[in-house]
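The values are calculated or read from the model by the stated rules, or taken from the named source; none is laboratory data. Predicted model, so just to flag it, every value in this text is computed and none were measured. Using ideal geometry, Cβ is built from the backbone for each residue, glycine included, and neighbour counts are taken over all protein chains shown. Each accessible area value is taken on the protein alone, full model and side chains, heavy atoms only, with ligands, DNA and RNA left out. Shrake-Rupley method; radii C 1.70, N 1.55, O 1.52, S 1.80 Å.
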Amino acid sequence: QVQVVESGGGLVQAGGSLRLSCVASGSIFSINAMAWCRPAPGKERELVAHITSGGSTNYADSVKGRFTISRDNAKNTVYLQMNSLKPEDTAVYYCNADVVPLYSDYGVDYWGKGTLVTVSS
């Protein structure tokens, strides 16, 4: 079994910062890409930021220059540093991990339950 758990959400004023964390644990052989997503109009979830096992990143246009994704492979953890937050960033942020479980040859997508970020104006 693999678990993905997010933390770090909360209430912050516009212009403020938050740092989200996501830890994957359990029967893990390796983790490929990790990502942060949030709900969006007309979509179940939109990609906010993505990072490969090698550290390559990409971001949604709406967060470029404000959010930074990083990871600690030794800790199976991914972070999302969110600066210059705007009210429109208010959402539940979900962590996704493409995990290769023990005794498996391929990756499986796992999702956390989300952490709520509320940005007040």
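Couple of notes before you dig in:
- Count - residues of region 8-35 that are open to solvent by less than 70 Å² (accessible area, probe 1.4 Å) and either assigned to a strand (DSSP E or B) or at positive phi (or both): 19
- Residues of region 96-107 satisfying the condition of being open to solvent by 40 Å² or more (accessible area, probe 1.4 Å) and of a type in the set (A, V, I, L, M, F, W, C): Leu102
- Out of Tyr93, Tyr110, Tyr79, sole residue that is among the aromatic types (Phe, Trp, Tyr), at pLDDT 95 or above and open to solvent by less than 30 Å² (accessible area, probe 1.4 Å): Tyr93
- Some residue of region 45-67 being of a type in the set (Asp, Glu) and in a loop (DSSP other than H, G, I, E, B): yes
- Evaluation of Ile51 against the conditions (1) open to solvent by less than 30 Å² (accessible area, probe 1.4 Å); (2) touching a Phe, Trp or Tyr at 6+ places or on another chain (Cβ under 8 Å) shows that the sole unmet condition is (2).
- From the options Arg38, Arg71, Arg45, Arg66, residue that is among the basic types (Lys, Arg), open to solvent by 50 Å² or more (accessible area, probe 1.4 Å) and in contact (Cβ under 8 Å) with a residue 12 or more places away in the chain: Arg45
- Search result, residues across region 83-103 that are within 11 Å of the chain's Cα centre (by Cα) and of a type in the set (A, V, I, L, M): Val92, Ala97
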